[in-house]
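Below you'll find the structure, written out as structure tokens, and then a few comments.
A short reminder: the numbers here are calculations on the coordinates, not readings from a lab. As the structure is a prediction and not an experimental result, all values here were calculated from the model. For neighbour counting, all protein chains shown are included, and Cβ atoms are generated from backbone atoms with ideal geometry for every residue, glycine included.
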């Protein structure tokens, strides 16, 4: 996720993305170990998805990641917050050294994402809510005539909710077009699934 990334990304440098995923895993393990709590395995299983989204697909202003023109990332499986914080730090939103304050009383880096963190639009963690948040952000972008895209990362628990299942199946019309990526494979492996991108309906 860089301020200069084009709207239609060029072919990814797979080695660079693999290295970013490796760094995100390392940061996540260090953070949760230092905090003595957290969900490191939920972070590890999402590393490639987060790396590819942040460092290839997304376009945003790292100095102002919540700007109207910036793409959005919603981590519906909020218990994997360390991987989101690691990606934001690697993208230059805040210093990498800040990662080691995870779950400290004086830190904005809580166990689940909150809008206190630059680049986070909504508190998440209640399973199933992320898709609704993403659809709302996409609808808001459309109303503001923004070209920003919204990416939602769901965990396996998110997909057990009836509303999410029905939206993904197309039974419920969402206020935005929902793309699906890796749902079946991810569900069978018990890993997260990325929905790229949630685009406002025409």
**Report entry** Residues (under 20 Å from residue 133 (Cβ atoms) and more than 13 Å from the chain's Cα centre (by Cα)) located in segment 66-99
**Finding:** 66, 67, 68, 69, 70, 93
Query raised in the report: Can you tell me which residues in segment 70-92 are out of contact with any helix residue (DSSP H, G or I) (no Cβ under 9 Å at 6 or more places or on another chain) and either part of a helix (DSSP H, G or I) or under 24 Å from residue 140 (Cβ atoms) (or both)?
Result: 70
Report task. Restricting attention to segment 148-170, report how many residues are surrounded by fewer than 17 Cβ atoms within 10 Å (Cβ to Cβ) and in contact with a helix residue (DSSP H, G or I) (Cβ under 8 Å, 6 or more places away or on another chain). Result -> 2
Query - residue 56 crowded, with 16+ Cβ neighbours inside 10 Å and within 28 Å of residue 36 (Cβ to Cβ) - result: no
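Can you find a residue in segment 105-126 that is assigned to a helix (DSSP H, G or I) and crowded, with 21+ Cβ neighbours inside 10 Å?
So far as segment 105-126 goes, no, none of its residues is assigned to a helix (DSSP H, G or I) and crowded, with 21+ Cβ neighbours inside 10 Å.
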Report summary line: Residues of segment 93-104 being more than 25 Å from residue 18 (Cβ to Cβ) and part of a loop (DSSP other than H, G, I, E, B), in sequence order, are 103, 104
**Report entry** The listed residue being more than 21 Å from residue 24 (Cβ to Cβ) and free of Cβ contacts under 8 Å to residues at least 24 places away in the same chain, out of 140, 136
**Finding:** 140
Query raised in the report: Within the group 81, 123, which residue is out of contact with any strand residue (DSSP E or B) (no Cβ under 6 Å at 6 or more places or on another chain) and over 20 Å from residue 24 (Cβ atoms)?
Result: 123
